[in-house]
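I have placed the structure first, in the form of structure tokens, so that the comments after it can refer back to it.
Since every read-out is calculated from the coordinates, none of them should be taken as a lab result. Not measured: the values here are computed from a predicted model. Reconstructed Cβ throughout: ideal geometry from the backbone, glycine too, with neighbour counts over all protein chains shown.
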């Protein structure tokens, strides 16, 4: 079963809850303590283990199109590397305007 680590009042967490519900997927909700910054603890950060998530896919187009706003990603090597990991996924498709850094 999927476990959704979430904040109950987060709009982004709601998007995931909504998607899981619309897809008919069973999941277990685990509420995080935002006052204690539980989402920033080493134990929590190790849960993801640096694999791509739905959040990465959701934010990718916005970051990939920053050149349209005249923002230069050239100095941000980690961001470029992250984009490259997404761009090299099997099944990746691009869209007009996306500047690829890691061909």
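General remarks:
- Top-ranked residue of the range 62-90 - restricted to ones that are free of Cβ contacts under 8 Å to residues at least 12 places away in the same chain and within 17 Å of the chain's Cα centre (by Cα), ranked as farthest from residue 15 (Cα to Cα): 78
- Summed over the range 46-61, the residues that are over 22 Å from residue 20 (Cβ atoms) and either in a loop (DSSP other than H, G, I, E, B) or under 15 Å from the mean Cα position of the chain (by Cα) (or both) give a count of 1.
- Taking every residue in the range 36-61 that is closer than 28 Å to residue 73 by Cβ and pairing it with any residue that is assigned to a loop (DSSP other than H, G, I, E, B), at least 6 positions away or on another chain, the pairs with Cβ-Cβ distances below 6 Å are 39/32.
- Each residue in the range 62-78 was checked for being assigned to a helix (DSSP H, G or I) and surrounded by 15 or more Cβ atoms within 10 Å (Cβ to Cβ), and 2 of them qualify.
- Checking 17, 30 one by one, the residue that is over 22 Å from residue 82 (Cα atoms) and under 16 Å from the mean Cα position of the chain (by Cα) is 17 and no other.
- Total residues in the range 4-35 satisfying the condition of being touching a residue at least 40 places away in the same chain (Cβ under 8 Å), touching a strand residue (DSSP E or B) at 6+ places or on another chain (Cβ under 6 Å) and not in a strand (DSSP E or B): the figure is 0.
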